[in-house]
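The structure under discussion appears below in the form of structure tokens.
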Amino acid sequence: MPRWLPRAMLLALALYACFQLGSWGFHQLLGLLINILIAFFIALAIEPAVARMAARGVRRGLATFLVFFGLLSAAVGFVVMLGSMLADQIVTMVEDFPQYLDSVISWINQTFETELSRVEVQDSVLRSDWLQSYVEDSATGVLDVSATVLGGLFRLLTIFLFSFYFAADGPRLRRTICSVLPPAKQAEVLRAWEIAVDKTGGYIYSRGLMALISGGAHYVLLEVLGVPYAPALAVWVGLVSQFIPTIGTYLAGALPMLIAFTVNPWYAVWVLGFVVVYQQFENYVLQPKLTARTVDIHPAVAFGSVIAGTALMGAVGALIAIPAVATLQAFLGAYVRRYDVTDDPRVHGHRRRERGRLAARAGATLTKGRAALTRVRSGRRTAGPADPA
């Protein structure tokens, strides 16, 4: 056996063990890394407001706290307003439920010539096996729901703390990163940081603008239908549909449909139809143009980045995919050498016509060449053999 073989085997085993240990550690810390990534993008989003307040003499930590306090106050006020509105509507629905049930039973009796009564329907529903099994499953799942809620609150607290530190200690963090890099690399890091702030701010701006347009459109519909709490519902639809990816549209449209159903069941159908139509208009007309202008990326690239982000990281990837791709594109754009485009008509999409013109020119040139060759040959024949002298 060669002397180097045991050492090579030990080195291979050591490398394999390090790979397995690193893979295990990465999967264990994947949740924390995703939280840090979310916190970093939140810090980039609020960086312009914090920097503007710091430039006016406010301490950076206090400015970050004021920005977060304003956002948290607005979120809590909005949730409390929606909670009170939803509680009132649930009470109204419970009180009016017997009337809805009577109307449904009377319609069934008239249509199918049956003799159902509300008491029989209530008894059959309350004594059904599926209701008892549902209640038992709900009772056993209370602990799971509680654990999920506590885990979500802990995750939000983690994201809040990291984003606060990233925003408050942004200059110190940049100095720490630049201190381990040569001067040329420091300039590149600072440039990438600035681009990330601009692109993330542009993305938040575009989402806020689309939320405003969506809320205004749904407010007009709800006011026309006479649905109560139209302003609050419009704000709900605008914010949830834009800042919760993938399922935000369905969550946003469910609450207005529920409130509209308490007024008139057909109003819920109208709201559903409007939500579907407006979503298609937003996906194919409004969002690509607005995102391309604010984030400066092609609509197809934006759409593809959202799909890729969703496949890689789920809802979080869908939310941060566009600013991440825009930052990467803008940063790499400085290192891609570009040339002037030649003045060729085919660049403007006139390829077939130009082909015909080029073929005609080539044919004319070939015809002229043949005519000249014929003249030369005829001239040689007329001149006869050359003089030997």
Legend entry - Karplus-derived 3J(HN,Hα), 6.51/-1.76/1.60, for each residue of segment 231-238, Hz, glycine and proline x: x, 5, 5, 5, 5, 4, 5, x
Legend entry - Using a Förster distance of 30 Å, the FRET efficiency for Leu212-Ala311 (Cβ separation, nearest 0.05): 0.50
Legend entry - Ala55-Leu30 FRET efficiency (beta carbon distance; Förster radius 30 Å; 0.05 resolution): 0.20
Inset, instruction - Sort all Cα-Cα distances of segment 212-287 into consecutive 5 angstrom bins from zero, then give the percent of pairs in each bin up to the one containing the longest distance. - result: 3, 18, 32, 28, 13, 5, 1
Legend entry - Mean Cβ count within 10 Å, highest first, over the residues of peptides 178-188, 194-204, 267-277, 158-168: 194-204, 158-168, 267-277, 178-188
Legend entry - Extension gain, Leu161 back to Ser106 (0.36 nm per residue minus Cα-Cα distance, nm): 14.0 nm
Inset, instruction - Can you grab the distance from the C-alpha centre of segment 173-221 to the C-alpha centre of segment 1-72, Å, no decimals? - result: 18 Å
Legend entry - ³J(HN,Hα) computed for each position of segment 60-76 - Karplus, 6.51 cos²θ - 1.76 cosθ + 1.60, integer Hz, glycine/proline x: 5, x, 5, 5, 5, 5, 5, 5, 5, 5, x, 5, 5, 5, 5, 5, 5
Legend entry - Cα-centre dipole for segment 5-121 with unit charges at Cβ (Lys and Arg positive, Asp and Glu negative), debye to 20: 1540 debye
Inset, instruction - State the answer as a single residue: which of Phe274, Gly170, Leu221 lies farthest towards the positive end of the charge dipole of segment 166-324, with beta carbon charges of +1 for Lys and Arg and -1 for Asp and Glu, about the Cα centre. - result: Gly170
Legend entry - Potential extension, Phe154-Tyr16 segment - 0.36 nm per residue separation minus Cα distance: 46.2 nm
Inset, instruction - Using only the Cα atoms of segment 155-218, build the gyration tensor, take square roots of its eigenvalues as a ≥ b ≥ c, and label the shape rounded, prolate or oblate: rounded if a/c is under 1.5, else prolate if a/b is larger than b/c, else oblate. - result: oblate
Legend entry - Within segment 146-162: backbone nitrogen closer than 19 Å to the Ile90 label point (7 Å, Cα to C-beta): 146-150
Legend entry - Nearest-20 debye value, segment 159-203 charge dipole, Cβ charges on Lys, Arg, Asp, Glu: 100 debye
Legend entry - Gained length - Leu272 relative to Met257, 0.36 nm times residue gap less alpha-carbon distance: 4.7 nm
Inset, instruction - Determine the sum of side-chain charges near Ile244: Lys and Arg each +1, Asp and Glu each -1, restricted to other residues whose C-beta is under 15 angstrom from that of Ile244. - result: 0
Inset, instruction - Assign one of three labels to segment 13-97, namely rounded, prolate or oblate, based on the Cα gyration tensor with a ≥ b ≥ c the square roots of its eigenvalues; rounded applies when a/c is under 1.5, prolate when it is not and a/b is larger than b/c, and oblate otherwise. - result: oblate
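Values in this text are rule-based calculations from the coordinates and carry no lab data. On a predicted model such as this, the values are computed, not experimentally measured, just so you know. Every residue, glycine among them, receives a Cβ derived from its backbone with ideal geometry; neighbour counts consider all protein chains shown.
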